[in-house]
Every structure is written in C-alpha cells, then in structure tokens.
Amino acid sequence: MCASAGYLEAHGIPQKPDDLAHHNVLAFTGNSGLHERRYQDAEGQHDQVGWSGKFKSDSGDILCRAALEAVGIAILPIFYVAEHIKNQELQAVLSDYVTPPKRAIYAVFQPTRFQSTRQRFFVDHLVSTCKQLPWES
C-alpha cells in the first residue's frame with residue numbers, strides 16, 4: 001500500500017486501516033467482490049476494512065501511475081511499486097499491517113523430459129528479478 005508525498009500532504013497519512021474510509025483508495029476492477037482488505041496487525045490480530053475509491057482500473061500499471069500522480073492510495077504487489085518506493089516517488093503506508101496469507105509467484109508449465117532454453121531463461125530471469133525486490137520477511 002503506497003501513495004505519493006503530494007497525496008499524503010494533501011490528505012494526511014492513514015495511521016490505521018480504518019482511516020482508509022477517508023481516503024481515495026485506488027481500486028482494482030479485476031476483483032468482482034467488495035473492495036476490502038484483510039489484515040493482521042503487529043499483535044497478530046486479524047480484521048478487515050472496506051473502502052470505496054473514485055478511481056478504478058483493471059491495470060496495475062495504470063493504478064501505479066495514478067498513485068504517482070497523487071490520485072490516491074494504491075494497493076499493489078511490490079513488483080509494481082518497488083522502484084518508485086526506492087526512488088522515494090511513492091511512500092509505503094500502513095506497513096505495520098500485513099495481508100495474510102503470504103503469497104508466492106509460481107512458474108507453471110507442462111512437464112517434459114527437457115526444458116526449453118527459453119523456459120529456463122524465463123524462470124532464471126523471474127528468480128533473479130524477485131530476489132531484488134524488497135520482500136518483507
């Protein structure tokens with residue numbers, strides 16, 4: 001979850017998940033259900049919070065661009081925003097709250113006796129790129 005400094009200066013920094021009700025949370029339209037986030041706090045307590053945003057898209061790239069343009073708070077996978085957070089174009093918010101369960105990335109393909117060179121290069125690239133992301137432990 002992240003936003004630009006401009007958005008946070010204009011609207012304030014959410015201190016707890018319930019504060020999201022007072023923010024423009026950028027919504028991913030690929031979700032057919034309610035826009036809500038389940039989270040776990042530092043004490044291990046689970047809860048969820050809902051929101052309604054004024055900006056929606058089915059593209060993570062578009063949602064990231066909207067966050068950079070101070071439209072609202074984006075909830076995106078780290079690979080969309082890692083470079084922008086590193087460059088301080090976006091700031092992480094509510095980072096003390098985690099979204100269970102932990103997720104993983106898998107490369108799935110048909111089992112064959114020999115793996116093609118293209119598949120091997122792709123998987124190696126995926127592993128190398130993921131190792132560079134600022135994963136939380």
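The values are calculated or read from the model by the stated rules, or taken from the named source; none is laboratory data. None of these values were measured; they are calculated from a predicted model. Using ideal geometry, Cβ is built from the backbone for each residue, glycine included, and neighbour counts are taken over all protein chains shown.
General remarks:
- Of everything listed in (1) among the aromatic types (Phe, Trp, Tyr); (2) at pLDDT 85 or above; (3) not in a helix (DSSP H, G or I), the single unmet condition for Phe121 is (3).
- Restricting the first member to region 28-50 and to residues that are part of a loop (DSSP other than H, G, I, E, B), and the second to residues that are at pLDDT below 80 and among the aromatic types (Phe, Trp, Tyr), the beta-carbon pairs closer than 7 Å and six or more apart or on different chains are His35/Trp51.
- Test: residue in region 67-76 that is closer than 14 Å to Thr99 by Cβ, in a loop (DSSP other than H, G, I, E, B) and among the β-branched types (Val, Ile, Thr): yes
- Residue match in region 19-31 (condition: out of contact with any Pro (no Cβ under 9 Å at 6 or more places or on another chain), within 23 Å of Ile105 (Cβ to Cβ), among the aromatic types (Phe, Trp, Tyr) and surrounded by 11 or more Cβ atoms within 10 Å (Cβ to Cβ)): yes
- Ala3 being within 23 Å of Asp96 (Cβ to Cβ), buried (at least 19 other Cβ atoms within 10 Å of the Cβ) and at pLDDT 90 or above: yes
- Total residues in region 52-66, condition in a loop (DSSP other than H, G, I, E, B) and modelled with pLDDT of 85 or more: 4
- Residue within region 85-92 that is in contact (Cβ under 8 Å) with a residue 60 or more places away in the chain, aliphatic (A, V, I, L, M), within 21 Å of Cys130 (Cα to Cα) and outside any loop (DSSP other than H, G, I, E, B) present: yes
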